[in-house]
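Just so you know, all these numbers are worked out from the coordinates, no wet-lab data involved. This is a predicted model, so every value here is computed, not measured. Note: ideal-geometry Cβ built from the backbone for every residue, glycine included; neighbour counts use all protein chains shown.
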Amino acid sequence: MITKNYTELPPLRADLAKHMEDTRAWIEEQCGRPAEEMAEFFTVREDGYDEHMMQFAPCYDVTAAQIPADCRYLLDLGCGSGLELDALDRLCRAEGRAFPKVFGVDMTKALVDQLFAKHPDKDITVELGSYFDVPFGTEEFDCAVSVESIHHFSLDEKLPLFRKVWEALKPGGIFLQCDYFAACPEEVDMNEEHWRIRRAMNRDIGDGDFVHIDRPQMAYDEAAVMEKAGFSEVLYCTVGVEGTLLLIAKK
Ligand SMILES: C[S@@+](CC[C@H](N)C(=O)[O-])C[C@H]1O[C@@H](n2cnc3c(N)ncnc32)[C@H](O)[C@@H]1O
């Protein structure tokens, strides 16, 4: 279901009270453990990573379906092992259309190695690094995509990133941000507190380094940041996975 108006969407969680109870219990259990550095977190879990992420399988197909058929150059933020590219590949094959040239950015080499092993024949370049630092250029891409990656960051961190994505898109380009969002403002606060506590427990992680702790935001707050970054319109799209939405931001 695609809508311009967030309030027209079904609730993000079928049973909000139970979701909050489960999340609170999970955070309490996690709070004794120091945060793990981002790339390290995914590296130690690289075996079975794709199978684990299949709980989000519809996200990949719904996102791939929104990539314009005439997209020639695609930016993928946090491409990981390339699950959204797998879905796009299936779609391109089914529709007999060309797979676009891709520029991916990710900080976990172990997952990027899996991506290249799956797609040795494609025009895919991946820069190993943080999408906050890697330059994307100006008016280079027809479309930008990100699946299940940007929910690790605060709204303040997202604004310059979204500005960079806006700048990198050609006029009329779209940014597909498919991610985990909070179901209510209390969930945002709970996760922020969780991040603060566990971030402080790991003194080996430098100030500029990232930790793997979810910081889902309210989708309408994220859409407001996208508009502040320059996007003219943001649409909301359900993807058939609880807690996850696809935001379609138009340049
Ligand atoms: C949950 S995985 C999702 C990967 C892929 N998009 C998918 O859905 O399977 C999150 C990915 O984001 C990457 N990531 C997190 N923060 C990043 C950053 N600041 N710059 C680049 N990649 C980042 C991680 O390395 C990881 O591969």
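Here are the numbers for this structure:
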{"quantity": "Sequence-distant residues sharing a close amide H with V239 (under 5 Å, placed H)", "calculated": "L246"}
{"quantity": "Gaussian network model of the chain, Cα within-10 Å springs - most flexible of Q217, Q30, Q66", "calculated": "Q30"}
{"quantity": "Dipole in debye (nearest 20) - the chain, about Cα centre, beta carbon charges: Lys, Arg +1; Asp, Glu -1", "calculated": "640"}
{"quantity": "Positive-end residue, segment 2-250 charge dipole about Cα centroid, Cβ charges, pick of W26, C71, H194", "calculated": "C71"}
{"quantity": "Length-normalised contact order of segment 2-250 in % [C-alpha pairs under 8 Å, at least 6 apart]", "calculated": "27"}
{"quantity": "In segment 15-81, the trypsin sites (Lys or Arg not before Pro) that fall in loop regions by DSSP, at most 14 other Cβ within 10 Å", "calculated": "R72"}
{"quantity": "Stretch gain in nm, segment A65-D133, where the contour uses 0.36 nm per residue and the Cα spacing is subtracted", "calculated": "21.6 nm"}
{"quantity": "Distance (nanometres) between label positions extended 7 Å along Cα→Cβ at F116 and E29", "calculated": "3.7"}
{"quantity": "Size of charge dipole - segment 1-47 - debye, nearest 20, with Cβ of Lys, Arg +1 and Asp, Glu -1, no other charges", "calculated": "340"}
{"quantity": "Net length gained if the chain between A200 and T3 were fully extended (0.36 nm per residue, minus Cα distance)", "calculated": "67.0 nm"}
{"quantity": "Low-density loop positions, GluC sites (Glu not before Pro), segment 82-155 - DSSP coil, at most 16 other Cβ in 10 Å", "calculated": "E139, E140"}
{"quantity": "Straight-distance crosslink candidates among aspartates and glutamates, where the alpha carbon sits under 19 Å from K251 and sequence neighbours closer than 8 are dropped", "calculated": "D70, D76, E139, E140, D142, E167, D221, E222, E227, E233"}
{"quantity": "Amide proton proximity set for D76, modelled H, under 5 Å, gap of 5+", "calculated": "F103, G104, V105, V145"}
{"quantity": "For the chain, share of DSSP beta bridges that run antiparallel, in % to the nearest 5", "calculated": "45"}
{"quantity": "Cleavage-rule hits (trypsin sites (Lys or Arg not before Pro)) in segment 128-175: DSSP loop, at most 10 neighbouring Cβ within 10 angstrom", "calculated": "none"}
{"quantity": "Candidates I205, I213, I174, ranked by Gaussian network fluctuation over the chain, Cα under 10 Å, top entry", "calculated": "I205"}
{"quantity": "Selected from F136, A219, P185, residue furthest toward positive end of dipole (segment 2-250; charges at beta carbon)", "calculated": "F136"}
{"quantity": "Of A200, A69, A110, the one that fluctuates the most in a GNM where the chain has Cα springs shorter than 10 Å", "calculated": "A200"}
{"quantity": "Leading residue at positive end of dipole, the chain (Cβ point charges), from A87, V102, F116", "calculated": "V102"}
